[in-house]
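Novice: Have a look at the structure that comes next, please.
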Amino acid sequence: FLPKGGEWKIRLVLSPVLNLVPERGLRIGTSFDEEQVRIDDLFDPGKEQDWNEVAADNARILETAHVVREPGIREFRITMVDPGVVVQKIVLYSEPFPKTYFGPRMSLRHAPSVPQKAMNHARNAKR
């Protein structure tokens, strides 16, 4: 459930991996609902992290941004493009959060601001 529309940033915390494809990096796709999948390269020269930092943190960070038109129940999808990418954690945020080693605290699955009708709809859709 996203409480508002607008730009949402997604931080994917991935397991450390070396570039297995010499002519390009490893890729992963992300999307909300039925939108077209956005494909990002873990080894994009503008975003690449230092291997020493990746190995020390035991994580590679990839950040993307998506625009959600309206609030409500949304389905965030991760699409495998290349094998070998392991997702450890997904962080969705619309406002900056304090920089911490472990990232923000996990949100509750059922927040008081989420209408009960919306939660029932989400549970029934999974069945």
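The values are calculated or read from the model by the stated rules, or taken from the named source; none is laboratory data. This structure is a prediction, so every number in the text was calculated from the model and none was measured. Backbone-built Cβ (ideal geometry, glycine too); neighbour counts: all protein chains shown. Calculation scope for accessible area: heavy atoms of the full protein, side chains included, ligands and nucleic acids excluded. Shrake-Rupley method; radii C 1.70, N 1.55, O 1.52, S 1.80 Å.
Novice: With closer than 19 Å to residue 106 by Cα and of a type outside the set (Phe, Trp, Tyr) as the only criterion, which of 42, 92 stands out?
Specialist: That would be 92, the only listed residue that is closer than 19 Å to residue 106 by Cα and of a type outside the set (Phe, Trp, Tyr).
Novice: May I ask you to verify whether residue 112 is modelled with pLDDT under 85, within 20 Å of residue 5 (Cβ to Cβ) and part of a loop (DSSP other than H, G, I, E, B)? Spell out how you get there, then give the answer.
Specialist: Numbers: modelled with pLDDT under 85: yes; within 20 Å of residue 5 (Cβ to Cβ): no; part of a loop (DSSP other than H, G, I, E, B): yes.
No.
Novice: Quick check on this structure: which one of 102, 97 is modelled with pLDDT under 90 and open to solvent by less than 70 Å² (accessible area, probe 1.4 Å)?
Specialist: Answer to the selection: 97.
Novice: Do the conditions hold for residue 78, that is, is it at pLDDT 90 or above and either touching a Lys or Arg at 6+ places or on another chain (Cβ under 7 Å) or open to solvent by less than 60 Å² (accessible area, probe 1.4 Å) (or both)?
Specialist: It is false that residue 78 is at pLDDT 90 or above and either touching a Lys or Arg at 6+ places or on another chain (Cβ under 7 Å) or open to solvent by less than 60 Å² (accessible area, probe 1.4 Å) (or both).
Novice: Failed condition for residue 88, given (1) touching a strand residue (DSSP E or B) at 6+ places or on another chain (Cβ under 9 Å); (2) open to solvent by less than 90 Å² (accessible area, probe 1.4 Å); (3) at pLDDT 85 or above; (4) farther than 18 Å from residue 2 by Cβ, with all others met?
Specialist: The one condition residue 88 does not meet is (2).
Novice: Still on this structure: For residue 95, indicate whether it is part of a loop (DSSP other than H, G, I, E, B), touching a residue at least 24 places away in the same chain (Cβ under 8 Å) and over 17 Å from residue 26 (Cβ atoms).
Specialist: No.
Novice: To continue, here is another question. Where in segment 1-69 are there strands (runs of 3 or more DSSP E), lying fully within it, with 1 or more residues that are surrounded by 12 or more Cβ atoms within 10 Å (Cβ to Cβ) and in contact (Cβ under 8 Å) with a residue 60 or more places away in the chain?
Specialist: Details: elements: 6-14, 27-32, 38-41, 60-68.
Qualifying strands (runs of 3 or more DSSP E): 6-14, 60-68.
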